[in-house]
Each structure stands twice: as structure tokens, then as C-alpha cells.
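To start, the structure under review is shown below, and the notes come after it.
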């Protein structure tokens with residue numbers, strides 16, 4: 001299975017950060033990504049500058065008949081279409097789509113690192129995964145999602161809120 005995380009902390013020409021994520025999912029579906037499950041929205045403070053707008057994120061599980069290089073090109077195009085402008089690391093953005101796990105593939109090149117190199121330490125990645133795939137195991141560490149969540153700091157485990165709001169597709 002393929003795990004993808006989508007986040008936003010800025011409104012766009014399309015609407016709210018929630019709308020940005022819904023549009024991104026629909027564009028992924030149009031690109032032949034077969035979505036199996038989508039988590040609720042999760043809200044977290046911006047990191048490292050908590051004065052910036054809060055992020056909302058979702059996780060999803062999907063299947064894809066093509067390789068990861070094609071998917072990353074599609075993702076980049078979707079981010080641009082929604083209005084993402086590449087800027088400094090951790091700056092606010094209208095759309096951020098990350099491949100967390102691509103069928104357990106372990107790969108590092110100049111375009112993509114799989115699994116996502118910081119997935120094991122991000123609350124906004126792990127909590128959605130726990131919701132939609134509680135038996136997920138990190139391809140490199142071989143640790144399950146519950147173990148990885150327990151490794152998060154107390155603050156990281158507290159500073160995340162599962163919203164009752166769901167994605168509209």
C-alpha cells in the first residue's frame with residue numbers, strides 16, 4: 001500500500017486549507033491513484049514557529065499502477081496547480097503532499113527518499129496512519145505505528161487534535 005500525507009496551513013484561490021486538501025485528493029484520483037482510506041483531518045501548530053497559522057493534515061492509503069517517479073511528478077504538478085510556491089523550509093504553504101511509504105520501497109535519490117525520512121517522528125503523519133492503518137510497520141525501522149507514537153515527545157503527542165471534519169471528494 002501507498003501512504004500519502006497532505007497538509008495545508010494557508011488558504012488559496014480555491015478556498016480554505018480544508019478545501020485545498022480536498023482538491024488535492026480529487027486531483028490525485030484524476031491521476032489514477034486508487035484511494036482506499038482517508039483519515040479525518042488533524043490540526044497541529046506550525047513548526048518550528050508556532051505563531052504561524054496552524055496546519056491541517058490528512059493521511060490516505062492508496063494503490064497506484066505506476067512507479068513512484070511518475071507519482072512524485074504528478075504530486076509536484078498538483079501542488080503547483082493549487083498554488084504552492086517553493087520557499088524556505090517550514091514556511092506556510094497552501095499544499096504539501098508527501099509520499100510516506102510506497103509499497104515498502106526503500107530508496108534515496110536526488111528527487112525522493114522513501115520511506116519519507118522524517119515520517120517516524122511526525123505526529124501529523126503517525127496519528128492519521130494509526131487511524132487508517134493501525135498495523136502499519138515502518139519499512140526501515142520495522143517498528144509499528146503504536147511504537148513510533150510512543151517515541152514522540154509528550155508535547156508532540158499533546159499538540160495534535162483529530163477534528164471531526166472529514167474530506168469531501
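The values are calculated or read from the model by the stated rules, or taken from the named source; none is laboratory data. Fair warning: this is a prediction, and the values are worked out from it, not measured in the lab. Here the Cβ is made from the backbone with ideal geometry for all residues, glycine too, and neighbour counts use every protein chain on show.
Mind checking which residues of the stretch 68-78 are without any contact (Cβ under 8 Å) to a residue 24 or more places away in the chain and closer than 14 Å to residue 5 by Cα?
Result: 76, single match.
For the stretch 112-128, indicate whether the set of residues that are more than 16 Å from the chain's Cα centre (by Cα), surrounded by 13 or more Cβ atoms within 10 Å (Cβ to Cβ) and on the phi < 0 side of the Ramachandran plot is non-empty.
No; the residues of the stretch 112-128 include none that is more than 16 Å from the chain's Cα centre (by Cα), surrounded by 13 or more Cβ atoms within 10 Å (Cβ to Cβ) and on the phi < 0 side of the Ramachandran plot.
Taking the stretch 8-55 on its own, how many of its residues are part of a strand (DSSP E or B) and crowded, with 23+ Cβ neighbours inside 10 Å?
Result for the stretch 8-55: 2.
Filter the helices (runs of 4 or more DSSP H) completely within the stretch 67-169 down to those with at least 3 residues that are over 23 Å from residue 53 (Cβ atoms) and out of contact with any strand residue (DSSP E or B) (no Cβ under 6 Å at 6 or more places or on another chain).
So the answer is 68-82, 145-151.
I'd like the full set of residues that are touching a strand residue (DSSP E or B) at 6+ places or on another chain (Cβ under 8 Å) and closer than 18 Å to residue 74 by Cβ, limited to the stretch 9-22. Spell out how you get there, then give the answer.
First, pick out the residues of the stretch 9-22 that are touching a strand residue (DSSP E or B) at 6+ places or on another chain (Cβ under 8 Å): 9, 17-21.
Of everything in the stretch 9-22, those that are touching a strand residue (DSSP E or B) at 6+ places or on another chain (Cβ under 8 Å) and closer than 18 Å to residue 74 by Cβ turn out to be 20, 21.
From (1) surrounded by 13 or more Cβ atoms within 10 Å (Cβ to Cβ); (2) modelled with pLDDT of 95 or more; (3) in contact with a strand residue (DSSP E or B) (Cβ under 7 Å, 6 or more places away or on another chain), pick out the condition that doesn't hold for residue 63.
Answer for residue 63: the failing condition is (1).
Could you check the stretch 83-111 and list, in sequence order, the residues that are surrounded by 14 or more Cβ atoms within 10 Å (Cβ to Cβ) and under 20 Å from residue 144 (Cα atoms)?
Scanning the stretch 83-111 gives 98, 99, 100, 101, 102, 105.
Can you go through 57, 40, 5, 49 and tell me which one is out of contact with any strand residue (DSSP E or B) (no Cβ under 7 Å at 6 or more places or on another chain) and either within 16 Å of residue 129 (Cβ to Cβ) or touching a residue at least 40 places away in the same chain (Cβ under 8 Å) (or both)? Give the steps one after another, and end with the answer.
Details: 57 fails: out of contact with any strand residue (DSSP E or B) (no Cβ under 7 Å at 6 or more places or on another chain); 40 fails: out of contact with any strand residue (DSSP E or B) (no Cβ under 7 Å at 6 or more places or on another chain); 5 fails: out of contact with any strand residue (DSSP E or B) (no Cβ under 7 Å at 6 or more places or on another chain).
Selected residue: 49, the only one of 57, 40, 5, 49 that is out of contact with any strand residue (DSSP E or B) (no Cβ under 7 Å at 6 or more places or on another chain) and either within 16 Å of residue 129 (Cβ to Cβ) or touching a residue at least 40 places away in the same chain (Cβ under 8 Å) (or both).
Being surrounded by fewer than 16 Cβ atoms within 10 Å (Cβ to Cβ) and touching a helix residue (DSSP H, G or I) at 6+ places or on another chain (Cβ under 9 Å) is the filter here, so list the residues in the stretch 130-152 that pass it.
Across the stretch 130-152, the qualifying residues are 134, 135, 137, 140, 141, 143, 146, 150, 151.
What is the number of the single condition among (1) at pLDDT 95 or above; (2) out of contact with any helix residue (DSSP H, G or I) (no Cβ under 9 Å at 6 or more places or on another chain) that residue 95 does not meet?
Residue 95 satisfies all of (1) at pLDDT 95 or above; (2) out of contact with any helix residue (DSSP H, G or I) (no Cβ under 9 Å at 6 or more places or on another chain) except (2).
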